[in-house]
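What follows is a set of notes on a single structure, which appears directly below.
The values are calculated or read from the model by the stated rules, or taken from the named source; none is laboratory data. Treat the numbers as computed from the prediction; the structure is a model and nothing was measured. Neighbour counts are summed over all protein chains in view; Cβ atoms, including those assigned to glycine, are modelled from backbone coordinates with ideal geometry. The accessibility values were calculated without ligands, DNA or RNA, using every heavy atom of the protein model including side chains. Shrake-Rupley method; radii C 1.70, N 1.55, O 1.52, S 1.80 Å.
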There are 2 protein chains.
Amino acid sequence: MAPTPAQLKVLRFLRDHIIRRGYPPSVREIQHAFGFASPNAAAKHLHALAAQGLLELAGRARGIRLLGGALPAADTLTLPLIGKVAAGMPILVEAHVERNLSLDRSLFKPEPDYLLRVVGDSMIDAGILDADLIAIRHTPEARNGQIVVARVDGAVTVKVFRRDHRGVHLMPRNPAYSAIEVDATSDFAIEGLYCGLVRGA
Amino acid sequence: MAPTPAQLKVLRFLRDHIIRRGYPPSVREIQHAFGFASPNAAAKHLHALAAQGLLELAGRARGIRLLGGALPAADTLTLPLIGKVAAGMPILVEAHVERNLSLDRSLFKPEPDYLLRVVGDSMIDAGILDADLIAIRHTPEARNGQIVVARVDGAVTVKVFRRDHRGVHLMPRNPAYSAIEVDATSDFAIEGLYCGLVRGA
DNA sequence: CGGATAGGTGTACATTTGTACACCATGGCA
DNA sequence: TGCCATGGTGTACAAATGTACACCTATCCG
């Protein structure tokens with residue numbers, strides 16, 4: 001399913017606009033650039049291009065992101081490295097960002113949203129050591145056996161997730177530690193899913 | 001008139017957002033990323049940065065354009081991932097390259113030259129598991145206690161390097177394995193130095 | 001002391017913006 | 001002939017968005 005000539009013209013306009021202005025055009029700006037009488041004409045072209053995987057639409061103002069045969073180095077992720085997380089605050093906040101690291105997009109699956117520095121050796125049998133950086137996908141859902149970042153009573157921890165009829169258990173992978181049992185009185189939330197790790201020597 | 005630390009943090013956030021999402025953030029997205037209670041706090045930072053010539057504001061939705069020392073590509077290495085190494089051949093040849101991966105330059109120290117896929121679990125107590133990718137600096141020198149990639153009689157192996165008055169010992173980090181003793185009759189060479197590892201989940 | 005500057009709160013408002021819905025025209029194709 | 005994708009018109013609306021105004025706090029400095 002290749003882009004039609006009309007769609008290609010829109011794609012070139014997008015690339016041009018982003019290079020020259022620094023931000024994507026709005027739907028109506030595309031409309032006027034091409035002389036359309038309706039914003040819908042431009043919107044349809046955008047959605048057609050999105051359906052072909054040539055760009056992503058965020059649904060927000062100017063939420064256009066070119067992919068693949070497009071603008072910048074497309075195959076690297078830029079992930080924020082989260083440092084100390086203040087109790088009660090969501091993890092994904094600029095205030096926590098220590099630095100940003102570039103990593104190949106194809107490295108982790110699913111695609112992670114941030115990196116977290118591991119503290120402690122409770123996951124040592126999973127090959128996750130103290131001071132390792134783990135790549136985390138921000139999501140509140142997990143299946144049994146997956147490694148998750150969870151928040152229990154304000155503290156952030158990395159454990160194997162397990163849920164059964166008695167409740168949620170956060171299992172370490174180190175015989176020296178015991179499981180965290182989450183009961184109804186605990187403030188509990190899954191922060192994200194483990195996608196892989198990076199370790200500098 | 002140099003940007004203040006707070007303004008620098010905003011600038012880094014902008015650059016990062018543009019790289020990762022493909023379009024600039026809105027004023028309110030900046031506000032929420034930093035935990036401000038008012039969109040005005042973010043807007044003021046933007047206008048302060050604009051007054052310093054570090055960016056341009058178009059007055060439209062996400063109308064932020066970085067100037068000068070802003071957008072450029074992150075500092076990334078492109079490392080070849082070495083697949084199966086044929087006996088007798090040097091590691092660093094084109095024929096062995098499976099693919100190339102981009103990784104942040106600041107991640108590993110010293111700077112590695114290639115990636116190697118680990119086979120086996122002889123280094124499990126060092127947190128190096130089967131199928132991990134390890135970053136290797138190509139060098140023939142090593143000090144005691146360092147993790148090295150070595151070639152013994154044609155076979156490539158990852159072990160802890162130790163040299164004493166009796167000769168060279170290649171120590172596993174797994175009690176189930178025993179050390180490789182290198183004597184004068186062996187064909188032995190240090191291929192490189194372990195710099196870190198990457199693991200996809 | 002007094003004043004300027006950086007950084008921030010709180011509220012309000014006119015535009016901008018993405019999208020939804022209904023409808024029309026053309027051309028390829030089975 | 002009927003069908004469907006492409007490309008387009010016209011209208012409407014809730015949400016997102018930049019900005020203006022008033023006011024607060026702390027720090028630095030002459």
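A few remarks follow.
- Identity of the residue in region B:101-121, hydroxyl-bearing (Ser, Thr, Tyr) and open to solvent by 10 Å² or more (accessible area, probe 1.4 Å), that ends up farthest from the other protein chains (Cβ to nearest Cβ): B:SER106
- Matching residues, region A:17-38, being more than 27 Å from the chain's Cα centre (by Cα) and either within 14 Å of another protein chain (Cβ to nearest Cβ) or more than 8 Å from DNA strand D (Cβ to nearest atom) (or both): A:ARG20, A:ARG28, A:GLU29, A:ILE30, A:HIS32, A:ALA33
- Scan of region A:171-201 for residues that are away from chain B (no Cβ under 14 Å) and touching a His at 6+ places or on another chain (Cβ under 9 Å), ordered by number: A:ALA179, A:ILE180, A:GLU181, A:VAL182, A:GLU191
- Flag for A:TYR194 being among the hydroxyl-bearing types (Ser, Thr, Tyr), open to solvent by less than 20 Å² (accessible area, probe 1.4 Å) and closer than 28 Å to B:ALA33 by Cβ: no
- Filtering region A:171-188 to residues that are assigned to a strand (DSSP E or B) and exposed (fewer than 14 other Cβ atoms within 10 Å of the Cβ) leaves only A:GLU181.
- Odd one out for A:VAL160 among (1) open to solvent by 20 Å² or more (accessible area, probe 1.4 Å); (2) farther than 21 Å from A:GLU98 by Cα: (1)
- Residues located in region A:58-93, provided they are open to solvent by 30 Å² or more (accessible area, probe 1.4 Å), at pLDDT 85 or above and under 21 Å from A:ALA6 (Cα atoms): A:ARG65
- Single residue of region A:39-60 satisfying the filter (part of a loop (DSSP other than H, G, I, E, B), within 13 Å of chain B (Cβ to nearest Cβ) and over 12 Å from A:VAL10 (Cα atoms)) that is nearest to DNA strand D (Cβ to nearest atom): A:ARG60
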